[in-house]
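*Asks:* Input: one structure, supplied below.
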Amino acid sequence: MADPIEFTKSPAEVLRVDPGFSLASVDPGSTPGYPGAKADGKALLAAQDDRLAELQEKLFAEGKFGSNKRLLLILQAMDTAGKGGAVSHVVGAMDPQGVHLTAFKAPTEEEKAHDFLWRIEKQVPAAGMVGVFDRSHYEDVLIHRVHGWADEKELERRYAAINDFESRLVAEGTTIVKVMLNISKDEQKRRLLARLDDPSKHWKYSQGDLVERAFWDDYMKAYSVAFEKTSTGTAPWYVVPANKKWYARIAVQELLLEALRGMSLEWPKADFDVAAERAAVAKS
């Protein structure tokens with residue numbers, strides 16, 4: 001069996017939000033850095049599952065022996081962009097005991113009584129863990145900007161607070177991968193109609209999705225400002241074209257693989273005499 005077609009350019013390089021980045025210039029139907037087709041992408045996703053699982057296990061094992069390393073994947077997107085699919089098809093390859101998934105919904109009354117990062121702080125991953133935020137603290141500068149729920153002064157405070165928060169996480173040993181799954185407005189319409197045409201997917205449909213869809217251009221502007229204010233050297237943003245689900249999944253998978261490889265993970269060394277223990281087990 002032939003080896004799967006791999007990326008020719010690193011997603012961490014071609015998808016990264018750097019100064020001068022323009023969201024409008026990104027084609028949601030493109031496949032940056034990847035020369036293969038859908039079948040090739042699916043084969044690559046399956047082929048790298050074991051690599052991802054092994055690196056995650058190393059991270060988990062190191063955490064059990066005192067390492068402070070941990071990984072946080074932040075997923076932001078418009079509705080139907082595929083956050084759930086990325087979690088199930090990419091993160092799903094990992095050992096569940098080493099993954100902490102949080103899907104942030106509208107804040108409760110208790111959460112509203114605190115600063116916006118209060119509920120986020122409680123969900124950051126522990127040492128050795130992979131944390132996944134399905135939506136995140138960025139909702140507080142996206143939807144709040146779109147609907148005018150916070151003024152410019154407050155939004156600026158939040159951008160600064162987010163940068164301070166993420167900088168502190170990195171200093172404490174967290175590698176942060178921030179991903180915006182970028183679909184087109186036409187593709188969102190197609191996916192919403194597909195949900196309505198399939199009774200097994202009616203539970204996924206929300207009339208609220210249609211309400212927010214009317215603010216599409218405002219959301220794109222809000223994302224652009226968030227990228228400008230919070231894509232930093234220690235916690236950069238990556239914009240992943242997501243009209244092709246298969247591409248979005250292999251791109252997220254590769255971003256996680258690169259992040260984990262960058263941690264220089266190693267299996268913990270035995271703190272006992274292996275030969276003596278082996279002999280004891282053999283005699284038992």
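The values are calculated or read from the model by the stated rules, or taken from the named source; none is laboratory data. Please read all numbers here as calculations on a predicted model, not as lab measurements. With ideal geometry, Cβ positions are generated from the backbone for all residues, glycine too; neighbour counts draw on all protein chains shown. Heavy atoms of the whole protein, side chains included, go into the accessibility calculation; ligands, DNA and RNA do not. Shrake-Rupley method; radii C 1.70, N 1.55, O 1.52, S 1.80 Å.
*Asks:* State whether one or more residues within the stretch 258-275 are of a type in the set (Ser, Thr, Tyr), open to solvent by 10 Å² or more (accessible area, probe 1.4 Å) and under 30 Å from residue 62 (Cβ atoms).
*Replies:* Yes: one or more hits.
*Asks:* Failed condition for residue 30, given (1) more than 30 Å from residue 222 (Cβ to Cβ); (2) outside any helix (DSSP H, G or I), with all others met?
*Replies:* The failed condition is (1).
*Asks:* On the basis of being out of contact with any Cys (no Cβ under 6 Å at 6 or more places or on another chain), crowded, with 16+ Cβ neighbours inside 10 Å, touching a residue at least 40 places away in the same chain (Cβ under 8 Å) and not in a helix (DSSP H, G or I), does residue 235 make the cut?
*Replies:* yes
*Asks:* Now a separate question. Looking at 30, 22, 10, can you tell me which residue is open to solvent by 40 Å² or more (accessible area, probe 1.4 Å) and at pLDDT 95 or above?
*Replies:* Selected residue: 22, the only one of 30, 22, 10 that is open to solvent by 40 Å² or more (accessible area, probe 1.4 Å) and at pLDDT 95 or above.
*Asks:* List every residue pair whose Cβ atoms sit under 7 Å apart, with the two residues 6 or more apart in sequence or on different chains, where the first one lies in the stretch 124-151 and is of a type in the set (Phe, Trp, Tyr) and the second, anywhere, is open to solvent by 10 Å² or more (accessible area, probe 1.4 Å).
*Replies:* Going by the 7 Å Cβ cut-off, the qualifying pairs are 133/102; 133/104.
*Asks:* Specify which of the listed residues (44, 59) is in contact with a Leu (Cβ under 6 Å, 6 or more places away or on another chain), open to solvent by less than 30 Å² (accessible area, probe 1.4 Å), in a helix (DSSP H, G or I) and modelled with pLDDT of 95 or more.
*Replies:* 59
*Asks:* Within the stretch 118-141, which residues are of a type in the set (Phe, Trp, Tyr) and in contact with a Leu (Cβ under 7 Å, 6 or more places away or on another chain)?
*Replies:* Matches in the stretch 118-141: 133 only.
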